[in-house]
Amino acid sequence: MVSSSISDEQNSQKIAFICDNEEDDRSVTPDEEIISQKAVIIQMEDLDKAINHESNDLIKAIPKGRATTLKLFEIAVSIINPLEPPKNNTIYIDKNVLLSFFNNDKYKYAYLKRMIKQFVGDLIFDFSKSEEEGDIVAAISRATWRKTDNYVSIKFSDDIMPYLIDLSSDYTKYSAKEISRLDSKYSIVLYRWLMMNYSKYKKYKNKKCKNPIITISEIRRLTETVDKYKKFSDFEGRVLNHSTKEINEHTSIFIRYEKIKKGRNIESIQFFIDDNFKNMPKNSDDLKPRQTKEEREQQRKVNAADAMASEYTQILFQNRFLGPLDFMDVSLMDRLQTDLYPLYDELKTKVSLKGNSDMKLVKEHIEHVSKYKDHPVSGINDIVAYLRTTVSNYLKDKTNFLN
């Protein structure tokens, strides 16, 4: 599937990086004709439909490296066909895919060069089962790039390849495009773990995998925060809340979580995973550059204004899901408008068994949730996620509707 003039280095463990300031050795970098005709390449137009296949053992290992290098690894993995592995473990990535990571045009190539160096030297996976024994695997053995070339060649290590091509054991599929949208390493690590569980739920219909529980010690191990954010409030803000926000904004799953206590201590976290209908459609618009911070902030203000004027907001206020101060919270109003109200719009198109439809059906649903909710509103960690889950479950139950 891949043809390359890079020499076979199966007997050498040397890590190599070749960049534009080194001697031009054409025996290392394949010429453009070989690349274009025979090699497996990932280009911008391929990224939207690129799918990763990874062993669950790899997902449960600790990735040691920066968020950017982990994203690059995931994109590189998406090019591999497990049924026909690349020759010499080598694939090629169009530079434009990598340059799209950076917003500053002036320093893009400097960032790219630094990222590739970090990619080779930094990224390892820790499979160690305990402190008494270690099992560390390097992900990449070689990366080759010259300023005049259009592609970066990446050679996976022999030790990492079984986790990418052996599908005889449990493995998980997910979108490389979605990984590329996540900025935080914590978000990437949690997204992979959540997708592993959600895939099991879809495959085996095991509801425990739809609402998986993970201990605080395990989630700290995976995110390498055992010695960071000692106060749980700091850990929750930096890891849990930030990752939840990123995953909900940029991926095809929508999550919320609840804390599980043992005595006075928080022992575990239970996640609740659903399809994220807002991000499910994939089209050419997804390839557009991200908005700038200023554009995102302006859009948030527009969304917040729309939410404050929405009849849905008034119904939520009347049922005490919102208080007077919530109308001043731009972030909350923005999330209501983008994450919750599209589902209420969908509910308006239905007809209930009582014959109710349109806004009357939405009001009936919100009043029912208010009456039978499990916790007081003050005890609900994320009101938007909670309301979204209730309406999603209601919409999925077709016995509620005549149409």
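Which pairs turn up if I take residues in the range 194-213 that are farther than 21 Å from His53 by Cβ and look for partners that are surrounded by 12 or more Cβ atoms within 10 Å (Cβ to Cβ) and small (Gly, Ala, Ser) with beta carbon separation below 7 Å, at least 6 apart in sequence or on another chain?
Ile213/Ser268
Table: residues versus (1) in the same structural domain as His242 (by TED's automatic domain parsing); (2) at pLDDT 95 or above; (3) surrounded by fewer than 21 Cβ atoms within 10 Å (Cβ to Cβ).
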position	(1), (2), (3)
Val152	no, no, no
Lys155	no, no, no
Pro162	no, no, yes
Ser168	no, no, yes
Lys203	yes, no, yes
Asn206	yes, no, yes
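Give me the pairs, please: first residue somewhere in the range 161-184 and within 25 Å of Asn88 (Cβ to Cβ), second residue anywhere and hydroxyl-bearing (Ser, Thr, Tyr), beta-carbon distance under 6 Å, and either six or more positions apart or on two chains.
Pairs found: Tyr163/Ser55; Tyr171/Ser55; Ala176/Ser78.
When Ala110 is evaluated against the numbered criteria (1) over 22 Å from Leu58 (Cα atoms); (2) aliphatic (A, V, I, L, M); (3) out of contact with any strand residue (DSSP E or B) (no Cβ under 6 Å at 6 or more places or on another chain); (4) in contact (Cβ under 8 Å) with a residue 12 or more places away in the chain, which criterion, by number, is the only one it fails?
Every condition holds for Ala110 apart from (4).
Report every pair of residues separated by at least 6 positions or lying on different chains whose Cβ atoms are under 6 Å apart, first residue within the range 113-142 and under 12 Å from Ser157 (Cα atoms), second in a helix (DSSP H, G or I) and β-branched (Val, Ile, Thr).
What qualifies is Leu123/Thr69; Ile140/Val120.
Please determine, by comparing only the residues of the range 44-83 that are within 16 Å of Ser100 (Cβ to Cβ) and polar (S, T, N, Q), which one is surrounded by the fewest Cβ atoms within 10 Å (Cβ to Cβ).
Restricting to residues being within 16 Å of Ser100 (Cβ to Cβ) and polar (S, T, N, Q), the top hit is Thr68.
If you take the residues of the range 208-233 that are charged (D, E, K, R) and in a helix (DSSP H, G or I), which of them is modelled with the lowest pLDDT?
Step one: of the range 208-233, the residues charged (D, E, K, R) are 208, 210, 218, 220-221, 224, 227-228, 230-231.
Going one step further and asking which of them are in a helix (DSSP H, G or I), we end up with 208, 210, 218, 220-221.
Values: Lys208: 86, Lys210: 91, Glu218: 95, Arg220: 95, Arg221: 94.
Per the stated criteria, the residue is Lys208.
Can you pull out the residues in the range 129-150 that are basic (Lys, Arg) and either surrounded by fewer than 22 Cβ atoms within 10 Å (Cβ to Cβ) or not assigned by TED's automatic domain parsing to the domain that holds Pro82 (or both)?
Answer for the range 129-150, where residues must be basic (Lys, Arg) and either surrounded by fewer than 22 Cβ atoms within 10 Å (Cβ to Cβ) or not assigned by TED's automatic domain parsing to the domain that holds Pro82 (or both): Lys129, Arg146, Lys147.
The values are calculated or read from the model by the stated rules, or taken from the named source; none is laboratory data. Model, not experiment: these values are computed from the prediction. Cβ sites come from the backbone with ideal geometry, for glycine too, and all protein chains shown count toward neighbours.
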